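First the structure, in the form of structure tokens, and then the observations on it.
The values are calculated or read from the model by the stated rules, or taken from the named source; none is laboratory data. Model, not experiment: these values are computed from the prediction. We place every Cβ from the backbone using ideal geometry, glycine too, and count neighbours over all the protein chains shown. Remember, those area values only see protein heavy atoms, side chains included, never the ligands or the DNA or RNA. Shrake-Rupley method; radii C 1.70, N 1.55, O 1.52, S 1.80 Å.
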Amino acid sequence: MRSLRSGFSLASALTGLATLGALLAGATAPARAADAPLRDLAAAKGKIIGSAVNPAKLTGTYGDIAGREFNSVTPDNAMKWESVEPSRGTFNWAPADQVVAFATAHGQQVRGHTLVWHSQNPGWLANGTWTPAQLSTVLQDHITAEVGRYKGRIAAWDVVNEAFNEDGTYRSSIWSNGLGQDYIANALTWARAADPGAKLYINDYNVEGVNAKSTALYNLVRSLKERGVPIDGVGLQAHLILGQVPSSLQQNIQRFADLGVDVAITELDVRMQLPSTAAKLTQQAADYKAVMDACVAVSRCTGVTVWGFTDSDSWVPDVFDGYGAATPYDESFTPKPAYRALAGSLGGGTTEPPGDGCTAVYSVVNQWNSGFTGQVRISCSGGALSSWRAGWTFGAGQRITQSWNANCTQSGTAVTCSNASYNGTVPDGSSVTFGFNGSWSGSNPVPVVTLS
Ligand code: XIL
């Protein structure tokens, strides 16, 4: 699969394409069947490949991919305190139950997330006035209720989430302020009592490399082990920035493993400044591969969970201004280079699925005050297609109003165009063009087109 960005001029796009086509002709593999799903590749290596999932979305294409590609799921929000117990003693298990049922139906593990955190707590808890004894009881009751409900059905719990500051001191929170540092040991002990079969983790961010924060976590785990407190693993969230995988990642995983605990990458995403470009997507693939490679290299690293598998369902754009495109699938559910990098790291073929050797070039053919005509030319050289889908994300509010020689749909900013009945076949050495009219205002930037 190739992504290309063209200029506005059709002539220059075609000249560029001809040159690129000539360059690619000798370098690309012939079209071949798609690789095995990630979960099959991971299972062959004894690893987990998971995703955070939103229970409300587990149908249609989203549900198909979640079930097909992953052998573990983590509810993105459904098991957090504010979701589960919005008012005291009133539980709302339905969304969490949905994730567990989906996992059961698809032979997947569930990672429970999360029991003790400073964030996403209900108002009655966060704003309540508690004596230490009351707070301790509230916490024990919560852990006992939630872990107990899913006893035997959760492979691993993120019992404690984000306990540290960047400098390695304990974060100030309702828990550390009210109960002191031993809330961590108590929470682990209560969780063990409620489900002796679940692996119990402490989870945090910015602890992927060796640094002050990860060293504080390391010292905590060592002391918990020494004291006989139940602790089975450490979760490295891995919310990473493009090109910034810490070089000490594998060493850091190894030092935790050497303490006698498992390590899981629990929330991987690699955010980039928007708009995404082919070069950024290539760097992102290298970053995903570096993380999976480090996990594969350490036997006690259980696997990698991505924090959402599609750019249409990622927390990144909501939280990190100007950043996005952080997951392995784009907004139209087309696998990105990062997806193939994960597959490659798990031992899958590094050659590309059908469409390999085929490129798509988007150009604006004509533009007037509020409308424009665009086209996409799909050309194959050293590959061929028997059916195709071209997808892209409009960056400036453009909307497709009409299309020809393809069936185009737009959902939000995501456009997907699939072949018409008569032009699905693109033989080696030939091309197919489809067109559309759209509306624009302000600017009309050319998007990156991904073929699948
Ligand atoms: C995020 C969710 O993805 C968002 O939908 C929500 O609004 C905020 O929380 N670290 C964690 C996760 O442990 O629970 C967070 O999930 C992302 C950062």
Counting only residues that are under 18 Å from Leu200 (Cα atoms) and not acidic (Asp, Glu), which one in region 155-174 is farthest from the ligand (Cβ to nearest atom)? Ala155
Which helices (runs of 4 or more DSSP H) does region 38-102 wholly contain that include 2 or more residues that are closer than 26 Å to Val160 by Cβ and of a type outside the set (A, V, I, L, M, F, W, C)? 81-84
For region 55-93, what are the residues that are touching a residue at least 60 places away in the same chain (Cβ under 8 Å) and open to solvent by 40 Å² or more (accessible area, probe 1.4 Å)? Lys57, Thr61
Considering only region 342-416, give the strands (runs of 3 or more DSSP E) lying wholly within it that have at least 3 residues that are modelled with pLDDT of 90 or more and more than 30 Å from Lys47 (Cβ to Cβ). 358-367, 371-380, 399-404, 406-411
Does region 201-213 contain any residue that is out of contact with any Ser or Thr (no Cβ under 6 Å at 6 or more places or on another chain), surrounded by fewer than 19 Cβ atoms within 10 Å (Cβ to Cβ) and under 29 Å from Gly152 (Cα atoms)? yes
Under 9 Å between Cβ atoms, at least 6 apart or on separate chains: pull out the pairs that start in region 422-434 with a residue that is under 21 Å from Val364 (Cα atoms) and end on any residue that is open to solvent by 70 Å² or more (accessible area, probe 1.4 Å) and of a type in the set (A, V, I, L, M, F, W, C). Phe434/Trp404
Residue tally, condition within 30 Å of Gly397 (Cβ to Cβ) and within 16 Å of the ligand (Cβ to nearest atom), over region 236-253: 3
Residue that is farthest from Val376 (Cα to Cα) [pool: residues in region 411-428 that are aliphatic (A, V, I, L, M) and within 24 Å of the chain's Cα centre (by Cα)]: Ala414
Scanning for something within 29 Å of Leu179 (Cβ to Cβ) and away from the ligand (no atom under 16 Å from the Cβ), does region 59-73 turn up at least one residue? no
Could you list, in sequence order, all residues of region 243-272 that are within 16 Å of Val319 (Cβ to Cβ) and not acidic (Asp, Glu)? Leu268, Val270, Arg271, Met272
Trp315: surrounded by 22 or more Cβ atoms within 10 Å (Cβ to Cβ) and of a type in the set (Phe, Trp, Tyr), yes or no? no
If you go through region 103-126, how many residues are open to solvent by 20 Å² or more (accessible area, probe 1.4 Å), part of a helix (DSSP H, G or I) and over 18 Å from Thr305 (Cα atoms)? 4
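Conditions tested, residue by residue: (1) open to solvent by 10 Å² or more (accessible area, probe 1.4 Å); (2) away from the ligand (no atom under 16 Å from the Cβ); (3) among the β-branched types (Val, Ile, Thr).
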{"site": "Arg255", "(1), (2), (3)": "yes, yes, no"}
{"site": "Met272", "(1), (2), (3)": "no, yes, no"}
{"site": "Cys301", "(1), (2), (3)": "no, yes, no"}
{"site": "Trp307", "(1), (2), (3)": "yes, no, no"}
